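A short worksheet on the structure shown next.
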């Protein structure tokens, strides 16, 4: 067996040494747009990234720091979001280019200290859809409509379009919520439950319990607002109308707060509010992500 393995390895070595093929890593230049963003019905402002792919001889990390490599000249880009009710145009929301300072991204790979900005296309002013009767939240985009993005490059004449549905409304069953008396009670000696019903096209749900608290520092007029998250991971699978449930033990939650909020007798802290966040991925995108999310931990009782 050892002889056979040795002969095989020598044969492969000779084959590799006897064959040489020259090929070009870089082809001729081609305009390849890259567009991505997340539409949030609960947000007044929608953000879209409009960039382009690049390729060249040398270090790609260096090219990535050059503004012209990543971004189009904003003078030639016209972008808008079109809200559709089936085949009927409901309204058009224009997008405007905004350079955002990347002051929190100094350590990232593509950070350029000589130009620490990122280009975002933000929605111009538009009217909200409705106010939620239960939570009092403002809903800016109709969850039952489809939204189409249209980007025109006047220099090349190219028009880029794509459309997406929203994930629809989610009905929160537990904890019980009373708008006139919004309180959250966490039992330290039992499991506490967050429960909601899948609706719309939502297929994967990440649930987060966020506790906000305020800090008052002696001798200072400023008050800081801080928060601690308990992330329950993601859930997926049930068909429309099925319930999702995550549980957490009350004592363990208070221990988490004790760990995340260091003791400091020089400041005064006041509990401010709780938020429950549900980050939702719709069915089509979830199918694309299935193979990429295998290693993410599933929710468990904490």
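The values are calculated or read from the model by the stated rules, or taken from the named source; none is laboratory data. Computed from a predicted structure; not experimentally measured. Because the Cβ atoms are built from the backbone with ideal geometry, glycine has one as well, and the counts that use them run over all protein chains shown.
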- Message: Condition first: more than 27 Å from the chain's Cα centre (by Cα), in contact (Cβ under 8 Å) with a residue 24 or more places away in the chain and not assigned by TED's automatic domain parsing to the domain that holds residue 249. Now tell me which residues in region 145-190 satisfy that.
- Response: 154, 155, 156, 158
- Looking for whichever is surrounded by 13 or more Cβ atoms within 10 Å (Cβ to Cβ) and at pLDDT 80 or above here; the options are 278, 289. Which one fits? 278
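Every residue, every condition in (1) exposed (fewer than 13 other Cβ atoms within 10 Å of the Cβ); (2) outside any loop (DSSP other than H, G, I, E, B), yes or no:
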{"position": "160", "(1), (2)": "no, yes"}
{"position": "173", "(1), (2)": "no, yes"}
{"position": "176", "(1), (2)": "yes, no"}
{"position": "181", "(1), (2)": "yes, no"}
{"position": "186", "(1), (2)": "no, no"}
{"position": "212", "(1), (2)": "no, yes"}
{"position": "219", "(1), (2)": "yes, no"}
- Message: Among the residues of region 246-264, are any in a strand (DSSP E or B), closer than 18 Å to residue 216 by Cα and modelled with pLDDT of 80 or more?
- Response: no
- Task: Could you check residue 84 against (1) at pLDDT below 90; (2) in a strand (DSSP E or B) and say which number it fails?
- Result: (1)
